[in-house]
Amino acid sequence: MMASSYNAKEEDGHHSGASSHGAAGAVKSKKPDNTAFKQQRLPAWQPILTAGTVLPAFFVIGLIFIPIGIGLFVSSNNIKEFQIDYTGVDISSPCYSCAKNFSWNSTTPCVCYVPFTLNQSFESNVFMYYGLSNFYQNHRRYVKSRDDSQLNGDRSALTNPSKECEPYRTSDGLPIAPCGAIANSLFNDTLELYHIDSNGTSNPIPLAKKGIAWWTDKHVKFRNPGGNNNLSVAFHGTNKPVNWRNPVYELDPSDPENNGFINEDFIVWMRTAALPTFRKLYRIIQKKPNTTPTLPSGKYLLTITYNYPVLSFDGRKRMILSTISWMGGKNPFLGIAYITVGSICFFLGVVLLIIHHKYDTRNNSADIPN
Amino acid sequence: MSSSSADKPSVIKARAGLFWLQKTETVQDEEVDGEYGLVINGHSLAFALEKDLQLELLRTASAHIGVGISGQEGMQAVLSSDFSFAQFRYLQRLLLVHGRWSYLRMCKFLQYFFYKNFTFTFVHFWYAFFCGFSAQTVYDEWFITLYNLMYTALPVLGLSIFDQDVNDRWSFQYPQLYTPGQLNQYFSKKAFVRCMMKSCYSSLILFFIPWAAMHDTVRDDGKDIADYQSFALLAQTCLLIVMSIQLSLDTHYWTAVNQFFVWGSLAGYFAITFTMYSNGMFLIFTSAFPFIGTARNSLNQPNVWLTIFLTSLLCILPVVAFRFILIQLRPTINDKVRHKMRKEALPAPTKPVRVKRISTRRSGYAFSHSQGYGDLVTSRKFLLKIPVRTRPALFTETDSPLAQNQPQHYRTITEEPEGSQSP
């Protein structure tokens, strides 16, 4: 009958005309294909968290982390570092008068002398940094205030800097090169180091000023407009930043490879720091060819030409001398963190083992309730 | 089919149109194992539509989904329902396999999506304390654009499409697996709050570990590494790796497509990052890609990779430990079946008991949003044993060609009704 001719296997939507009208056999079935993909039967890996995987994982992680942590901690402890704050906050500090009497218009630079003593001698390359505190180089308006095209030597950007540099974009009607707040606040203290030997004579320590910036910065990101030839001509028609004493082509007149935008101190400053307390590489003290220590222990004198005012925003300046290892500067945090996490992991592994032992025997007999 | 009025089965639980019936007698054409069975046949339907229950059923007809069964009486139910099929027995597969998988996938997707976006945002909140509350982003702007668009889009898509906790045959074997869906266990307000707490913890780790590791640090050749761009790269790499591992923990069914999506997204991230931070892109689009050289100069530092490793493990290990403890102390049905699945072979597919039925008496019925044919069903006319030669006019609708020996056609609007119809 009609009922029996209705094929119960047909899917919904299938034009059942095909079953009773033999002529209409060209209608396509809407039944999905019986492939593994469409029927969700793809071969798959189905991992579950069993004791056999989790517990060994915890123990292995604990056993790996603890030696790494110890290695890091020992490495960090072997790094020698010396810091000295020379802001001049206390009346007893040598730079107090320079700090107090700072004025933007002074023509004679204020020099202060800070003596210090190194208890240990520093071997291999010694890196000299200047550090600033409470200086927010990561403030959004500050970070945006630069023109990378201009710094890359683009002539049109040199004479027409980006709007992001406002209000440090033009001065006296001329465009500022380099524009922006970052360039304007360039660190301009000069630090010199003298070793006072047993006779009392002070020997200046040679400070290398090349090789302090990233290679990609120095050779790709920052380029002088019109090459490195006569820079004062290349920068004609621009003005120096408001807070600078000298224009950009006088940053290092003695070395054309370090003058203009590609001056390494300038490049290092333009790489803005992520956090409000930071240090930037200032000079490198090369290691001596024989086995004498680079900086023998003893008395030293730091001569500072105090040009950079930080007291107005409660900032601090310091000078740091540091050696380096495979993990960078002195930072015990990673070592301690690895040791701590490794021990916690191991301990947690033991706890999980106890829990597993106690409860898993109960689980094996527990069946799935209906 | 026995037409004897069965004793009234008691309805134990009724929720959203689904009924658990306690077995009081063996219904001949359906073998029901165990104490509870999901039985949908004429008997249960009739009793469900008893006067006192009818209102409740029809009120709950504003149910979560409407299921229509197409049949000889027409396609109206099909047109107004969310899912439709041709035979009652397909309902079992719809609920126990597809419905359950759908619920599982949806909840996993939601939890993961909230987790990854909350973590991403909370890290910016912690950075605000260190950047003078100036809304400076921790991550590179390109990363922020591509994070949801490219780096985490495909893996979560793979999870939502392919994930299964147990296979379909095991789902039939253990219909109790359906319970978490009814009890709203996988995603509820409590689950959402737990997800937020997990995000908060992850964001603390994802910000403060890089912060402490990079605080006042330098590279292994003395040059800068604590600059904004390197810090951004470190933070975003940590975030992406943690999110990928979290997704891997959530995925229970690793097909080849899932593997490709997860590993491919991570590889894509590194490829795109190196490309964006390369010399070429900087020289072409100078102001758009200022991060030149950052990837090369910071990702070759062992310091950075050790920080990434530490951050990932610190975010993931509590999750693993917590899940393991839950499996040991309070295993859910899901956990037990999955453990069983590993040890035992797949149960044989149950052969459906084929009983010769006369289709005139057993028709499909529609559960739809409107009042429907409840009265007609409760009149139990369809349960009569009288062999029917001519179909009684059960329905007053005339737009289906019942009286003719014609199978169903979809009628287009312009077509004239075929032949003469019996009123």
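Structure notes:
- Approximating the spin labels as points 7 Å out from Cα along Cα→Cβ, the B:Glu141-to-B:Val193 distance works out to 4.0 nm.
- Degrees, to the nearest 10: A:333-365 long Cα axis against longest axis of chain A: 20 degrees
- Seen against the Cα atoms of chain A and their longest principal axis, helix A:51-78 is set at about 10 degrees.
- Long-range tail of P(r) for chain A (Cα pairs > 33 Å, %): 55 percent
- Taking 4.7 Å between C-beta atoms as the pairing limit, chain A has these partnerless cysteines: A:Cys345.
- Put a dot 7 Å past the Cα of B:Leu204, heading toward its Cβ, do the same for B:Leu329, and the two dots end up 2.0 nm apart.
- A:Asn246-A:Leu63 FRET efficiency (beta carbon distance; Förster radius 45 Å; 0.05 resolution): 0.15
- Rounded to the nearest 20, the Cβ-based charge dipole of chain A about its Cα centre (Lys and Arg +1, Asp and Glu -1) stands at 320 debye.
- Cβ-Cβ distance of A:Trp326 and B:Phe83, R₀ of 60 Å, FRET efficiency by 1/(1 + (r/R0)^6): the value works out to about 0.45.
- 3J(HN,Hα) along region A:173-184, derived from phi through the Karplus expression 6.51 cos²θ - 1.76 cosθ + 1.60 where θ = phi - 60°, amounts to x, 9, x, 8, 10, x, 8, x, 6, 5, 5, 4 Hz, with x in place of Gly and Pro.
- Highest average first, the peptides B:213-222, B:107-116, A:91-100 ordered by how many other beta carbon atoms sit within 10 Å of their residues are B:213-222, B:107-116, A:91-100.
- Inter-chain shielding of A:209-221 (mean C-beta neighbours from other protein chains, 10 Å cut-off): 4
- Here r is the Cβ-Cβ distance between A:Ser254 and B:Phe260 and R0 is 56 Å; the resulting FRET efficiency, rounded to 0.05, is 0.45.
- Only Lys, Arg, Asp and Glu carry charge here, each on its Cβ (+1 for the first two, -1 for the last two); on that basis region A:102-188 has a dipole of about 260 debye about its Cα centre.
- Listed residue pairs exceeding 26 Å between alpha carbons, taken from A:Lys31/B:Lys116; A:Lys80/A:Lys288; A:Lys317/B:Lys223; A:Lys144/B:Lys223; A:Lys163/A:Lys317: A:Lys31/B:Lys116; A:Lys163/A:Lys317
Where a number appears in this text, it was derived from the coordinates with a stated rule and is not lab data. Note that this is a predicted model, so its numbers are computed, not measured. So basically every Cβ, Gly included, is an ideal-geometry build from the backbone, and we count neighbours across all protein chains shown.
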